[in-house]
Amino acid sequence: MRKLMRRMKSKIGRGKGTGGSQNLEFTVDISHPRLWSRDPRETSAAASIFPMSLLYPDDSLTAVLRKIELLIAEQIHQAHAVPSSAGAVRVGGIVCALPDLLVDPLSWPAASGSLADCSLFQHSKVIPHSFAVIQYFLDTGDLILLPPHPSGPVSHSVLVLNCDDWIVECTSYVLQVVSPYLVEVVESDPTYMAEVAGLAHVQSAFSQLINQNVKLMNDQLKHKMDKAATDAIIELCVRQFNEDILPNFDNDGRAWIVDYEMPRDFAAFRHGRFEFKNDKILACFSPSLGIIQKMILCAVNRTRELGDLSPWFLLLAGPYAKSRFLREELSRATLLQSRMHNLQPPTLIHSAEGENGLTLGALSHARGC
């Protein structure tokens, strides 16, 4: 399953941008996060419907779903083609974890229409990302809830922050512990937040830094590198960013170095490196981090107004959650917010599995349905 998810991630793109830019219209520069209604019948000036065109312009959502359908059909065909004596695993069902904004047919008629027309989803269990995240942390034992009380269920407030490659979603729930074996998930807010401010924005900003350095280097060469060669250098540097800088950057003032290799026909030198000061790397994170912090603080205030925040949890998932800097800044922001309102600070939990946590949580949740 994880191999399939990685393969799907590499094949289903939205453009040919380098380093995750994908030509998306990011929403990191807005002054305040926007509240999106879960139900179009209850929209207002304060809570409207998420503009799907930000993520899937024109008919691209249908095309993306078709690609997913074909890839999974290929995997099923391959699994069934192997003789049972070879130890092949038969496919007994399909589980799809989707962004929350795609799941509700009332809220997103255009998107849900595309889902309904896709034969894959007609025979699948479809689970919103936020449910999969909650299930994953319950399964791992990281989300520890108080046992039920003889007088009735025990409630816990939970904010699910799913920081995907493109979209960041913040959803509020109340978890009611009915018995040691049953936890009910209840919506605590008729609105939620979602902005196009995910990891791809950080990668795009770093890619632009690399691109500037490669251009300066190429301008100084007597024999210029072609686009394929410069793109290869940029891709290698962005890969090092994902593997080293993203998980380890913590704004401690140190400089970061990425290595690259020149094409073989450049005999003068084969290996080189770029060095970036702390503030350059910080500038890559700051825009997306800023709007994510605002989303969390807004969600805390709304949850506090709607009910009790003691005890409460912040569940952080998605590939962006690998960032130590993101986790530390969110923890610091929620701690300050809690002290300001004399609240118990939240327990921040993040997934060691990264994006695989969604897959594992969705499978577990589907088995229990």
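The values are calculated or read from the model by the stated rules, or taken from the named source; none is laboratory data. What you are looking at is a predicted structure, and each value in this text was computed from that prediction instead of being measured. A quick note on method: Cβ atoms are made from the backbone with ideal geometry, for glycine too, and the neighbour counts reach across all protein chains shown.
List the number of the failed condition for N248; all other conditions in (1) touching a Cys at 6+ places or on another chain (Cβ under 9 Å); (2) modelled with pLDDT of 95 or more hold.
(1)
Name the one entry in G290, G253 that is under 30 Å from L335 (Cα atoms) and either part of a loop (DSSP other than H, G, I, E, B) or among the β-branched types (V, I, T) (or both).
It is G253.
Give the range 132-167 a look and list any residue that's more than 21 Å from the chain's Cα centre (by Cα) and either at pLDDT 90 or above or at positive phi (or both), or say none.
If the condition is that a residue be more than 21 Å from the chain's Cα centre (by Cα) and either at pLDDT 90 or above or at positive phi (or both), then G141, G152 are the ones that fit.
Suppose we filter the range 87-104 for residues that are at pLDDT below 70 and either in contact with an Asp or Glu (Cβ under 7 Å, 6 or more places away or on another chain) or outside the structural domain of A317 (by TED's automatic domain parsing) (or both); how many remain?
Number satisfying all stated conditions: 0.
Please go through (1) touching a Gly at 6+ places or on another chain (Cβ under 7 Å); (2) outside the structural domain of L143 (by TED's automatic domain parsing); (3) of a type in the set (D, E, K, R) for D279 and return the number of the only condition it doesn't satisfy.
(1)
Looking only at residues that are under 20 Å from the mean Cα position of the chain (by Cα) and among the acidic types (D, E) in the range 230-249, which one is surrounded by the most Cβ atoms within 10 Å (Cβ to Cβ)?
Within the range 230-249, the match that is surrounded by the most Cβ atoms within 10 Å (Cβ to Cβ) is D244.
Given (1) loosely packed, with under 15 Cβ neighbours inside 10 Å; (2) at pLDDT below 95; (3) not in a helix (DSSP H, G or I), identify the lone condition not met by L216.
Condition not satisfied by L216: (3).
Among the candidates V178, V158, single out the residue that is of a type in the set (A, V, I, L, M) and closer than 21 Å to R34 by Cα.
Just a single option satisfies the conditions, and that option is V158.
What's the number of the condition N242 fails, among (1) of a type outside the set (S, T, Y); (2) outside any loop (DSSP other than H, G, I, E, B); (3) more than 17 Å from K280 (Cα to Cα)?
Tallying (1) of a type outside the set (S, T, Y); (2) outside any loop (DSSP other than H, G, I, E, B); (3) more than 17 Å from K280 (Cα to Cα), N242 fails exactly one: (3).
Taking the residues in the range 338-351 that are in contact with a Lys or Arg (Cβ under 9 Å, 6 or more places away or on another chain) and over 16 Å from F131 (Cα atoms) as candidates, determine which candidate is surrounded by the fewest Cβ atoms within 10 Å (Cβ to Cβ).
H341
Which numbered condition trips up H129, out of (1) at pLDDT 80 or above; (2) within 19 Å of L71 (Cβ to Cβ)?
For H129, the exception is condition (2).
Here is a check on your reading of the model: is I292 modelled with pLDDT of 90 or more, on the phi < 0 side of the Ramachandran plot and either outside the structural domain of F137 (by TED's automatic domain parsing) or among the polar types (S, T, N, Q) (or both)?
no
Within the range 202-213, can you find the residues that are crowded, with 19+ Cβ neighbours inside 10 Å and closer than 30 Å to R34 by Cβ?
V202, Q203, S204, A205, F206, S207, L209
The rows are residues; the columns are (1) touching a Phe, Trp or Tyr at 6+ places or on another chain (Cβ under 6 Å); (2) farther than 20 Å from A299 by Cβ; (3) of a type in the set (D, E).
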| residue | (1), (2), (3) |
| --- | --- |
| S151 | no, yes, no |
| D164 | no, no, yes |
| E187 | no, no, yes |
| N211 | no, yes, no |
| K224 | no, yes, no |
| N242 | no, yes, no |
| I245 | yes, yes, no |
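Please go through the range 143-191 and pick out each residue that is surrounded by 16 or more Cβ atoms within 10 Å (Cβ to Cβ), in contact (Cβ under 8 Å) with a residue 40 or more places away in the chain and not in a strand (DSSP E or B).
Result: L143, D164, D165, W166, I167, S188, D189.
Just one of (1) of a type outside the set (F, W, Y); (2) farther than 23 Å from I296 by Cβ; (3) surrounded by 19 or more Cβ atoms within 10 Å (Cβ to Cβ) trips up L199, so point out which.
(2)
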